[in-house]
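The values are calculated or read from the model by the stated rules, or taken from the named source; none is laboratory data. Small disclaimer: the values here were computed from a predicted structure and weren't measured. Please note: Cβ atoms are built from the backbone with ideal geometry, for glycine as well, and neighbour counts cover all protein chains shown.
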Amino acid sequence: MVATLVSLRWRITVNALRNNIWATIGLILGAAMAAGMLAPLLAGAVALGRADAVTITTVLGAVGAVLSIGWMVVPLLFTGADATLDPRVIAAWTAPSRALTVGLAVAGACGLPGVITGLVLLLPALTWAVAGQAGAAVLALVLAPAALSTCVLLGRSVVVGAGLSSSRRGRDLLAFVGFFAVMAISLLPSLLNSLLDMERLDFGGLLGIARVLGLTPLGWALAAPGYLAQGKAAMAVLLAVGALALPLVLLPLWHRVVVRVMTGPAHARGHSHARRAHEAGGVDDGAAQPDVLPWQRRLARVSSGPTAAVAARCLRYWRTDPRYLIQVAVIIMLSLLFTGMIATNYDTMTSTSGDVTTVTFTGVDLTPGRAPGALFMVGPIIALLCGWMVHDDLAFDSTALWTHMAAGLPGRSDRLGRVLAVVTWQLPLLTALILIAGWLTGNWAQAPAYFGATLGVYGVALAWSSLTSVLLPYETNPPGESPMKSRTSGTAIVAGILQTLGFFAVATVSAPVLVLLVVVVTNKAWPWGWLVLAGGMLWGGGVAWGGVVLGGRQLDQRYAQVLATIRSWPGHDAA
């Protein structure tokens, strides 16, 4: 059973790559990036081996805990990474069993994330070998499989179990709870930064947390060799036994998740609220349509009827669909997070008295009129995220996209309608961010320059989204599913790489406006900020329109191909 599932896992992955050249390129890039990361990790492992045993134990124990947490958090952030063999998919072909549970776990460990994690877990043995602790090195090798098993079992149980609720309200609640849990974890670096006493370079608070993480069950496997190196044999044996027993404890939990997923009631995906809203909000100009899409009548004043219908339907999604609502929450949370990061930064002040130089650190003041000018940078950053977040919008429509094909909707109307929908609420948000920054800093003369850069970046990001949602659609959860539920295509890592490349592409195309901003800021030529504002409006608007036109042409040619791609994803083939 195990060998069969491992073989099936790689056969599915190879077939997916064979049918998608972009997925193949993405996998090659991902493998290259992973190989590039191993070199500095190898150097770090060797360098760490020259430290004392207590420091090595503290660092490695914390690394083990962070790896386990990463297996739970990263798949939720990056579209259910490495979930090729999801129990939901194979429920129609076999019944749940212990052998199937073990096979699915082993197959999950044989993917690219599992291979990379396994290589990382071998580095502690190298560290202890460099430190001259042969016994600790051998113990680290013995416990490496247990650490990998803990990562896989814990991660798979959390990710696959994230969508167990059978009710729509329960799934939505689970999605929001999971989202805010992920956001809370993302704030940990800021919390850790506050624990450091930078004035005296005292990292005691951070080391204390690392030591605690190493003593948690998630860090036992990597911390145990350290206690052996310190001569604390009893503690090392206790942690080693616990690390070996932890996978045996997690295996029944994973089995329960597999059984519940494979035998639970099926979700009526085809009758979700979002699907009904889409089917009711087609592009026909029927008499009942204004009641379903109240914004269509208002938007029709500035656009054509079909474009207004698409925009009004998308606005309904932004108000009701949990997959969209989480993206709105992300933008709001990140706006607050970036502002908070500026507030927790430290400015250095150097004073010299005789032969003594004193360096003091002063916190940033966010009192209105006294905040730093760096606060204006929140606008361009959020603009990039706002425009980029609709880069896979067609996939969210699922198979309801057929209504556009049946109605003969021009691709340009589809592209322009989606852009109009997000501009309706995102442009006021971006304007508000610049105005708030001007109020907090008191530097209203800087506002035009930064607002111009914001508009330029936003237009380029919208153009990127208009093109990539047609050319590079990747799997999303179908309407009615929890947004935190794992995907099953097995190409989620590729999607993450393409998303990263998208940020660089947007930044590159936005270079003309950003260069103007840098020139104005460097020379403090704030009156020329009005030129940046005009340039940003023209550049962003022109590039956005170009993306709409080109994306529309591509959609006219690829309607059937995009729909076929969406139908091939699990859960998207409901009528």
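Do you know which residues across region 402-419 are out of contact with any Asp or Glu (no Cβ under 9 Å at 6 or more places or on another chain) and surrounded by 21 or more Cβ atoms within 10 Å (Cβ to Cβ)?
Of all residues in region 402-419, those out of contact with any Asp or Glu (no Cβ under 9 Å at 6 or more places or on another chain) come to 402, 405-406, 408-409, 413-417, 419.
Passing the criteria: Leu409, Ser413, Asp414, Arg415, Leu416, Gly417, Val419.
Any residue that is farther than 23 Å from Thr399 by Cα, part of a helix (DSSP H, G or I) and in contact with a Ser or Thr (Cβ under 6 Å, 6 or more places away or on another chain) - is there at least one of those in region 545-557?
yes
Against the definition (assigned by TED's automatic domain parsing to the domain that holds Asn477, within 30 Å of Thr476 (Cα to Cα) and either modelled with pLDDT under 95 or part of a helix (DSSP H, G or I) (or both)), how does Ala505 come out, yes or no? Walk me through how you get there before you give the answer.
Values: assigned by TED's automatic domain parsing to the domain that holds Asn477: yes; within 30 Å of Thr476 (Cα to Cα): yes; either modelled with pLDDT under 95 or part of a helix (DSSP H, G or I) (or both): yes.
It is true that Ala505 is assigned by TED's automatic domain parsing to the domain that holds Asn477, within 30 Å of Thr476 (Cα to Cα) and either modelled with pLDDT under 95 or part of a helix (DSSP H, G or I) (or both).
Can you pull out every residue in region 283-309 that is part of a helix (DSSP H, G or I), within 21 Å of Val390 (Cα to Cα) and modelled with pLDDT under 85? Step through it out loud before you land on a result.
Of region 283-309, the ones part of a helix (DSSP H, G or I) are 289-292, 295-299, 305-309.
Of the ones still in play, those that are also within 21 Å of Val390 (Cα to Cα) are 295-296, 299, 306-309.
Listed by number, the residues that qualify are Trp295, Gln296, Leu299.
Take the conditions modelled with pLDDT under 85 and either hydroxyl-bearing (Ser, Thr, Tyr) or part of a helix (DSSP H, G or I) (or both) and apply them to Gly135. Does it pass? Working first, answer last.
Values: modelled with pLDDT under 85: no; either hydroxyl-bearing (Ser, Thr, Tyr) or part of a helix (DSSP H, G or I) (or both): yes.
No, not satisfied.
Listed here are the residues, each with its yes/no results for (1) over 23 Å from the mean Cα position of the chain (by Cα); (2) of a type in the set (Gly, Ala, Ser); (3) at pLDDT 95 or above.
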position: Val378; (1), (2), (3): no, no, no
position: Gly387; (1), (2), (3): no, yes, no
position: Leu401; (1), (2), (3): yes, no, no
position: Gly408; (1), (2), (3): yes, yes, no
position: Gly411; (1), (2), (3): yes, yes, no
position: Leu420; (1), (2), (3): yes, no, no
position: Trp425; (1), (2), (3): no, no, no
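Condition first: hydrophobic (A, V, I, L, M, F, W, C), surrounded by 15 or more Cβ atoms within 10 Å (Cβ to Cβ) and more than 10 Å from Thr399 (Cβ to Cβ). Now tell me which residues in region 558-575 satisfy that. Talk me through it step by step, then tell me what you get.
Our first condition is that a residue be hydrophobic (A, V, I, L, M, F, W, C); within region 558-575, this holds for 560, 562-564, 566, 569, 574-575.
After this cut, where a residue has to be surrounded by 15 or more Cβ atoms within 10 Å (Cβ to Cβ) as well, the list is 562-563, 566, 569, 574.
The one that is hydrophobic (A, V, I, L, M, F, W, C), surrounded by 15 or more Cβ atoms within 10 Å (Cβ to Cβ) and more than 10 Å from Thr399 (Cβ to Cβ): Val562.
So is Leu514 more than 11 Å from Val460 (Cβ to Cβ) and assigned to a helix (DSSP H, G or I) or not? Reasoning before the result, please.
Working: more than 11 Å from Val460 (Cβ to Cβ): no; assigned to a helix (DSSP H, G or I): yes.
It is false that Leu514 is more than 11 Å from Val460 (Cβ to Cβ) and assigned to a helix (DSSP H, G or I).
Within the group Ala312, Ala236, which residue is in a helix (DSSP H, G or I), at pLDDT 75 or above and more than 30 Å from the chain's Cα centre (by Cα)?
On the way: Ala312 fails: more than 30 Å from the chain's Cα centre (by Cα).
Step by step, each of Ala312, Ala236 is checked, and only Ala236 is in a helix (DSSP H, G or I), at pLDDT 75 or above and more than 30 Å from the chain's Cα centre (by Cα).
With the structure loaded, tell me whether Pro189 is modelled with pLDDT of 55 or more and assigned to a helix (DSSP H, G or I) or whether it fails that test.
Numbers: modelled with pLDDT of 55 or more: no; assigned to a helix (DSSP H, G or I): yes.
When the stated conditions are applied, Pro189 does not pass them.
Conditions tested, residue by residue: (1) buried (at least 17 other Cβ atoms within 10 Å of the Cβ); (2) among the hydrophobic types (A, V, I, L, M, F, W, C); (3) within 27 Å of Asp573 (Cβ to Cβ).
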{"site": "Thr94", "(1), (2), (3)": "no, no, yes"}
{"site": "Thr101", "(1), (2), (3)": "yes, no, yes"}
{"site": "Gly108", "(1), (2), (3)": "yes, no, yes"}
{"site": "Leu121", "(1), (2), (3)": "yes, yes, no"}
{"site": "Ala125", "(1), (2), (3)": "yes, yes, no"}
{"site": "Leu139", "(1), (2), (3)": "yes, yes, no"}
{"site": "Pro145", "(1), (2), (3)": "no, no, no"}
{"site": "Ser149", "(1), (2), (3)": "yes, no, no"}
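Quick one: Ala140 ticks every box in (1) modelled with pLDDT under 90; (2) closer than 22 Å to Val54 by Cβ except a single one, so which number is it?
(1)
Give just the number: which of (1) modelled with pLDDT of 85 or more; (2) under 22 Å from Leu213 (Cβ atoms) does Arg50 not satisfy?
Every listed condition holds for Arg50 apart from (2).
Residue by residue through region 423-467, note down the ones that are among the hydroxyl-bearing types (Ser, Thr, Tyr) and surrounded by fewer than 24 Cβ atoms within 10 Å (Cβ to Cβ). So that I can check it myself, show each step before the final result.
Taking region 423-467 first, the residues among the hydroxyl-bearing types (Ser, Thr, Tyr) are 424, 431, 441, 450, 454, 458, 465-466.
Within region 423-467, Thr424, Thr431, Thr441 qualify.
When both residues are 6+ apart or on different chains and their Cβ atoms are under 8 Å apart, which pairs have a first residue that lies in region 549-575 and is more than 19 Å from Thr403 (Cβ to Cβ), and a second that is of a type in the set (S, T, N, Q) and at pLDDT 90 or above?
Pairs that qualify, where the first residue is more than 19 Å from Thr403 (Cβ to Cβ) and the partner is of a type in the set (S, T, N, Q) and at pLDDT 90 or above, are Leu550/Ser466.
Okay, residues lined up against (1) assigned to a helix (DSSP H, G or I); (2) among the hydroxyl-bearing types (Ser, Thr, Tyr); (3) touching a residue at least 60 places away in the same chain (Cβ under 8 Å):
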site: Leu440; (1), (2), (3): yes, no, yes
site: Gln446; (1), (2), (3): yes, no, yes
site: Ala449; (1), (2), (3): yes, no, yes
site: Thr454; (1), (2), (3): yes, yes, yes
site: Val457; (1), (2), (3): yes, no, yes
site: Leu462; (1), (2), (3): yes, no, yes
site: Ser466; (1), (2), (3): yes, yes, yes
site: Pro473; (1), (2), (3): no, no, yes
site: Asn477; (1), (2), (3): no, no, yes
